[in-house]
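**Q** This is the structure I want to talk about, given as structure tokens.
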């Protein structure tokens, strides 16, 4: 069913912590689970929740993301009403250019908010990997009469220094919000998913950004915590985010679990991505695949174990691949041994090469490299 | 006025009766091939790859799945502002409705569609062959010869020539005679059912022939008529892979050829992609207990058992302990624990109960349809279920929800069948 919400996906973040993997792409464009990009998850959640209009705000290395979003029809956004809007920093006569923060990136695209007629705006990060029906989130927001609602997840083992940590009262109102604390007394982690009325968002941005307050969390949520009613909405499904090498590797490996695949990929409504028309994967006589995800168009001649292989990966005779992520169109020659590695797109590993990292520090082969 | 140089007309109405239960509810062009494809994807992809962007698809037999598959042509980039794909179904004209009674009759009935595009040339295609062909080269050949029609031909072994429509040609490949399945072939150039006509000439021939033959057919009527009238027809030689997958055995063989290390028909090249309606994008997963060799496995499959020499369509689940060998398993089938399947075709959305064994025993042809099921391949139709712990022989056919009580002594001997024509969907 249609819901009266316009979506905003913040896809501007690069991440230094992803190293060479994001030297040419945004974190939101990182390849996930054999055939997806990170942003497919939030885009699909929006379309599956009945959101008809979405803006993707890009900044950092947006070429690869724009390439992926070149047609909005794969996520059902190619419509006369609504549609997908992709924004990048631009120069106008007022001189504004590079976004100075999350609030600023929306503020600089204020015409999108002014020209929309939807009553609510949903703001999410483009690097989150999860399946959420945002219409339930909206219902909760309306039910509690909150000004802003933030989705959170209970977490006892995640590093608080990468997230915002919340304290809620018994009515679900957020009473304290710590941004990336080194140690926290709270176990509720903000997922960076916000919903509020469009008019309120416009008002808050106009109150903050011109006064050099550029960040949603720091300059709106935390500063207005006592002034507005800001509630928490618990999300108990699978959730992860592409933040750094470790989280990237781990979340890809999460898809080797049947429960994760069942929840995120195999139940309707599905996660959509740009189809690439590769033929089925081909297992030749030497193939031996154990606990692995294989993308379409792969040709396998060797051993693959506990790994995620994307589309069109070629694995040569007698090669061994373990605990690794191998991205699209990479070519692994004969007699290679690859373990604890992340091999980016279109890399070529020639015969007899050993590429071995550790669990803590995976060996990373940048895009297009020949070894 | 819209003007297209060449419009393709794709004949997709045939049943393909020798594919048995596989075409019970589905036209042959909609039968799955090579895991993720449908047979019609090959001529459709050839059209767009050749720059033919206006395609009429003529449907008649069981078109539901085919219609949904084609949609507005998005997978083939045939959703166009002008032209694109149009599904052309038989329809009522004036007072009475009329089926397509022959290949040429089907085109005759859709002349208004062609007139919309004022084409110079019309390309006639069959919807049931596996091949990659650049029709723009055939058009160049046609133009160079300045002829009225060009027929694509394949050089076949002279000993097999009597199975085909044979073109007798002069040294320039100009056709002087056409013989349908000649007893004593003079030539080995077999018609592939692919024609380019000058639309003006074809239109005149269709109108004239309609008065003579109510079942107007290209091979039987139009080509002989044009030759008789002294029109110029050329044979265009095609030397690449081309397969008619008209029988259970040839269909099975053509699928099996794809899994060779170096198949004759290569799906893995970027220059001539074959497009299809990608209904599943999920990746495939092989578990710790899986064992997969010499097979094609499609998106969304989950393999916990053994798969050898087989082709699996998207969304197939093979549970632990199951053995699938020399078989074709189509979309969303579930093969339960400890099932053994050998030389079998399982159509989409079917389920095989745990412990069941399929494809054992003597090679006795099917008792009811010996001309369809006679090479040892057992076929399970779409949306069917087979209960657990059953032993099924060769050349068997099962369709519908087979119950334990349908089997005598928990077995179905070679050549037997269980076909339930219920309303089960």
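The values are calculated or read from the model by the stated rules, or taken from the named source; none is laboratory data. Everything numeric in this text was worked out from a predicted model, so none of it was measured. Every residue, glycine among them, receives a Cβ derived from its backbone with ideal geometry; neighbour counts consider all protein chains shown.
Quick grid of which residues meet (1) farther than 30 Å from residue B:32 by Cα; (2) free of Cβ contacts under 8 Å to residues at least 24 places away in the same chain; (3) in a loop (DSSP other than H, G, I, E, B); (4) in contact with a helix residue (DSSP H, G or I) (Cβ under 6 Å, 6 or more places away or on another chain):
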{"position": "A:293", "(1), (2), (3), (4)": "no, no, no, no"}
{"position": "A:297", "(1), (2), (3), (4)": "no, yes, yes, no"}
{"position": "A:311", "(1), (2), (3), (4)": "no, no, yes, no"}
{"position": "A:317", "(1), (2), (3), (4)": "yes, no, yes, no"}
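**Q** Mind listing whichever residues of the range B:72-83 are away from chain A (no Cβ under 12 Å) and surrounded by fewer than 21 Cβ atoms within 10 Å (Cβ to Cβ)? Lay out the reasoning, then the answer.
**A** Pass one, the range B:72-83, residues away from chain A (no Cβ under 12 Å): B:73, B:78, B:80-83.
Residues satisfying the conditions are B:80, B:81, B:82, B:83.
**Q** Among what's in the range B:280-305 and is part of a strand (DSSP E or B) and surrounded by fewer than 20 Cβ atoms within 10 Å (Cβ to Cβ), pick the residue that is farthest from the other protein chains (Cβ to nearest Cβ).
**A** Only one residue tops the list, namely B:291.
**Q** For residue B:414, only one of the following conditions fails: (1) more than 29 Å from the chain's Cα centre (by Cα); (2) closer than 23 Å to residue B:247 by Cβ; (3) surrounded by 20 or more Cβ atoms within 10 Å (Cβ to Cβ). What is its number?
**A** Result: residue B:414 passes all but (1).
**Q** Taking the range A:248-284 as the region of interest, how many residues are more than 12 Å from chain B (Cβ to nearest Cβ) and either outside any helix (DSSP H, G or I) or under 23 Å from residue A:69 (Cβ atoms) (or both)?
**A** Total meeting the criteria: 3.
**Q** Scan the range A:173-193 residue by residue and report those that are surrounded by fewer than 16 Cβ atoms within 10 Å (Cβ to Cβ), touching a helix residue (DSSP H, G or I) at 6+ places or on another chain (Cβ under 8 Å) and more than 24 Å from residue A:7 (Cα to Cα).
**A** Correct list: A:180, A:181, A:182, A:183.
**Q** Could you tell me whether residue A:288 is surrounded by fewer than 24 Cβ atoms within 10 Å (Cβ to Cβ) and facing chain B (nearest Cβ under 7 Å)?
**A** Answer is no for this residue.
**Q** Let me ask you something else. Looking at the structure I just gave you, is residue A:106 at pLDDT 85 or above, part of a loop (DSSP other than H, G, I, E, B) and touching a helix residue (DSSP H, G or I) at 6+ places or on another chain (Cβ under 8 Å)?
**A** The answer is no for residue A:106.
**Q** May I pose another question? When residue A:294 is evaluated against the numbered criteria (1) closer than 30 Å to residue A:72 by Cα; (2) at pLDDT below 95, which criterion, by number, is the only one it fails?
**A** (2)
**Q** Got a sec? Which of B:274, B:328 is facing chain A (nearest Cβ under 8 Å), farther than 21 Å from residue A:268 by Cβ and touching a residue at least 40 places away in the same chain (Cβ under 8 Å)?
**A** On the way: B:328 fails: facing chain A (nearest Cβ under 8 Å).
None of the others qualify; the one that does is B:274.
**Q** Additional query: Residue B:357: buried (at least 18 other Cβ atoms within 10 Å of the Cβ) and closer than 21 Å to residue B:32 by Cα, yes or no?
**A** It is false that residue B:357 is buried (at least 18 other Cβ atoms within 10 Å of the Cβ) and closer than 21 Å to residue B:32 by Cα.
**Q** Further, regarding this structure: For the range B:84-96, indicate whether the set of residues that are surrounded by fewer than 18 Cβ atoms within 10 Å (Cβ to Cβ) and under 24 Å from residue B:191 (Cα atoms) is non-empty.
**A** Within the range B:84-96, not a single residue is surrounded by fewer than 18 Cβ atoms within 10 Å (Cβ to Cβ) and under 24 Å from residue B:191 (Cα atoms).
**Q** Residues in the range A:6-25: is at least one under 20 Å from residue A:122 (Cβ atoms) and part of a helix (DSSP H, G or I)?
**A** No.
**Q** Now for a different question. Where residues in the range A:47-72 are within 24 Å of residue B:277 (Cβ to Cβ) and out of contact with any helix residue (DSSP H, G or I) (no Cβ under 7 Å at 6 or more places or on another chain), which of them is nearest to the other protein chains (Cβ to nearest Cβ)?
**A** A:71
**Q** I've got another one for you. Output the number of the condition that residue B:69 fails; it satisfies all remaining conditions of (1) out of contact with any strand residue (DSSP E or B) (no Cβ under 7 Å at 6 or more places or on another chain); (2) at pLDDT below 95; (3) assigned to a helix (DSSP H, G or I).
**A** It fails just one condition, (1).
**Q** Among the helices (runs of 4 or more DSSP H) contained in the range B:159-270, which hold 3 or more residues that are within 26 Å of the chain's Cα centre (by Cα) and buried (at least 17 other Cβ atoms within 10 Å of the Cβ)?
**A** Ranges flagged: B:248-257.
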